[in-house]
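Asks: Before I ask anything, let me first share the structure, which is written out below as structure tokens.
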Amino acid sequence: MIVGVPKEIKSDEYRVAMIPVGVDELTRAGHRVLMQAGAGQGSGISDEQYAVEGAEIIAEADQVWKRADLIVKVKEPLPDEWPLLRSGQIVFTYFHFAADEQLTRAILKSGITAIAYETIRDARGNLPLLTPMSEVAGRMSIQEGAKFLERPFEGRGILLGGVPGVLPANVVILGGGVVGANAAKVAAGLGANVTILDINLDRLRYLDDVMPRNVTTLFSDRHNIIYSLNRADLLIGAVLIPGARAPYLVRREDLKHMMPRAVIIDVAIDQGGCVETSRPTTHSEPTYMVDDVVHYCVTNMPGAVGRTSTYALTNVTLPYVFQLARKGLDRALKESTALAAGVNIRDGKVTNAAVAATFGMDCQ
């Protein structure tokens, strides 16, 4: 099979979907790997490092898309890439369809098979290709939140961990999954008072056992969310319903409960956001103000730490790439329930129930 890896074109995206060891394993198995020139530069990987492992370095993105049977990416194809999609081609990447109806309809029209990293499930029901980026985003959310709480960035002028004689910040985390747990770990380590809200009591019991004493768990209902907003200096949106749009847990009118210049980091923005006033932003223009509350809603947070994120992501994606290349699409899907769960669109039809329900489409 011919595997193509184009350079990511999303704003401030420094990750790449293949590292040299992946090229080595694929080429030794008899496959061809087409790397667009400069694709690994943002992650500190040179074209020469790919070439020495057997990759063909291709100058133009359109030639990678045109020649490859399997395209491996990090982020969803952007409008400039839609004309390059070819019917019958496999595209393996993060799609997050539920947050973007225009993208969904473009992929349906293209005729490709869209396998989404974020809906692949392993035998234990986990999301192995979403987990490492959720770990990065969760930890980054506190790093970014601490920065934007500073007064020069329009925040409240609060040091997250406080100092002797001065109270630390209150950090509220909506969702106790991978993002929420990693955010809580970092915030607690810096000395903040942390509250995690979730609807899964078993998960809350687990977090209560493993987290330090400055982390409190709270059942996520409307009253508890409002109570927590009143105290929050930093709010982390860490809600995930795999494949589906994130629910709005914080409404526009709820912002009046927050303190002036409090900060919201909506990590759920990839799936539409869990705060009603959230809208996608970029690393170059990460924040905006609504009702005197700072909103940070960058859709590719892990892209800012490209080297860490690239290696964390490719550690888990390469085995699936290898399955697709070695077995071909039909056999790979038949033999792997994990890969089959990743198929969101095929042959012009939506095959993921959550995506179909989001847009009122039929699910095949």
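Asks: Of the heavy-atom accessible surface of the chain (probe 1.4 angstrom), what whole percent is carbon and sulfur?
Replies: Summing carbon and sulfur atoms, their accessible area is 51 percent of the total for the chain.
Asks: Separate question: May I ask you to list the residues of region 167-192 whose amide nitrogen lies under 19 Å from a point 7 Å from Cα along the Cα→beta-carbon direction of F153?
Replies: Counting only backbone N, you get 168-174, 180, 182-192.
Asks: A follow-up question, please. Sort the following peptides by mean Cβ neighbour count (other Cβ atoms within 10 Å, averaged over residues), highest first: 145-153, 281-289.
Replies: Output ranking for 145-153, 281-289: 145-153, 281-289.
Asks: Arranged from highest to lowest average of other beta-carbon atoms within 10 Å per residue, in what order do the peptides 261-274, 336-349 appear?
Replies: 261-274, 336-349
Asks: Hey, can you grab everything whose amide H is under 5 Å from the amide H of I58? Only 5+ residues off in sequence or another chain; H modelled, so Pro and N-termini drop out.
Replies: Under 5 Å from the amide H of I58 lie the amide H atoms of M35, Q36, A37, each far enough along the sequence or on another chain.
Asks: Next up: Which ³J(HN,Hα) values, rounded to whole Hz and listed in residue order, are derived for region 54-60 from phi using the Karplus coefficients 6.51, -1.76 and 1.60 in 6.51 cos²θ - 1.76 cosθ + 1.60 with θ = phi - 60°, glycine and proline given as x?
Replies: Running phi through 6.51 cos²θ - 1.76 cosθ + 1.60 with θ = phi - 60° gives x, 6, 8, 8, 10, 5, 10 Hz.
Asks: Tell me the per residue accessible area of region 249-364 using a 1.4 Å probe; a whole number in Å² is fine.
Replies: 41 Å²
Asks: As a quick test, which of the pairs K109/K349; K147/K256; K10/K73; K7/K73 have an alpha carbon distance above 18 angstrom in this structure?
Replies: The answer is K147/K256.
Asks: Filter the DSSP H helices in the chain by two things, a Kyte-Doolittle mean of at least -1.0 and an axial alpha-carbon span of 24 angstrom or more, and list the hits by number.
Replies: Once both thresholds are applied, what remains is 131-148, 306-327.
Asks: Can you grab the distance from the C-alpha centre of region 12-52 to the C-alpha centre of region 140-192, Å, no decimals?
Replies: Centre-to-centre distance over Cα atoms comes out at 36 Å.
Asks: Restricting things to alpha carbons, tell me how big region 236-364 is in terms of Rg and Dmax, in Å.
Replies: For region 236-364, the Cα-based Rg and Dmax read 18.5, 56 Å.
Asks: Region 189-243: which trypsin sites (Lys or Arg not before Pro) are DSSP loop and have at most 10 other beta-carbon atoms within 10 angstrom?
Replies: Sites meeting the loop and neighbour criteria: R213.
Asks: Tell me, what HN-Hα J-couplings in whole Hz come from the Karplus equation 6.51 cos²θ - 1.76 cosθ + 1.60 at θ = phi - 60° for each residue of region 239-248, using x for Gly and Pro?
Replies: Running phi through 6.51 cos²θ - 1.76 cosθ + 1.60 with θ = phi - 60° gives 8, 9, 10, x, x, 9, 6, 5, x, 7 Hz.
Asks: With a 1.4 Å probe and all protein chains kept in place, how much accessible area does S87 have, in Å² rounded to the nearest 10?
Replies: For S87, solvent-accessible area is about 90 Å².
Asks: Once you compute Rg and the Kirkwood Rh from C-alpha atoms, what is the Rg to Rh ratio for region 130-203?
Replies: My calculation puts Rg/Rh at 1.01.
Asks: How far apart, in nm, are the 7 Å Cα→Cβ label points at R307 and V21?
Replies: 1.7 nm
Asks: How many angstrom lie between the Cα centre of region 333-348 and the Cα centre of region 304-332?
Replies: Cα centres, region 333-348 to region 304-332: 15 Å.
Asks: Could you list which residues have their amide H under 5 Å from that of G273, counting only those 5 or more apart in sequence or on another chain, with H placed in the peptide plane?
Replies: A246
Asks: State, to one decimal in nm, how far the label point of D202 lies from the label point of D12, with both points 7 Å from Cα in the Cβ direction.
Replies: Taking the two extended label points, one gets 3.9 nm.
Asks: Still on this structure: Between N126 and Q49, what is the label-to-label distance in nm when each label sits 7 Å out along the Cα-to-Cβ direction?
Replies: Distance between label points: 2.6 nm.
Asks: I would also like to ask the following. Give the relative contact order (percent, whole number) for the chain; include only Cα pairs under 8 Å separated by 6+ residues.
Replies: Rounded, it is 19 percent for the chain.
Asks: Ok, one more. Nearest 5 percent is fine: what portion of the DSSP beta bridges confined to the chain is antiparallel?
Replies: 20 percent
Asks: Rounded, prolate or oblate, given the Cα gyration tensor of region 149-190, with a/c below 1.5 counting as rounded?
Replies: oblate
Asks: A further question on this structure: Going by amide H atoms built from the backbone, whose H comes under 5 Å of the H on G111, apart from near neighbours?
Replies: Residues meeting the amide H criterion: G348.
The values are calculated or read from the model by the stated rules, or taken from the named source; none is laboratory data. The structure presented is a predicted model; accordingly, all values stated were derived computationally and were not measured. Neighbour counts are summed over all protein chains in view; Cβ atoms, including those assigned to glycine, are modelled from backbone coordinates with ideal geometry. Areas reflect the complete protein model, heavy atoms only, side chains present, ligands, DNA and RNA absent. Shrake-Rupley method; radii C 1.70, N 1.55, O 1.52, S 1.80 Å.
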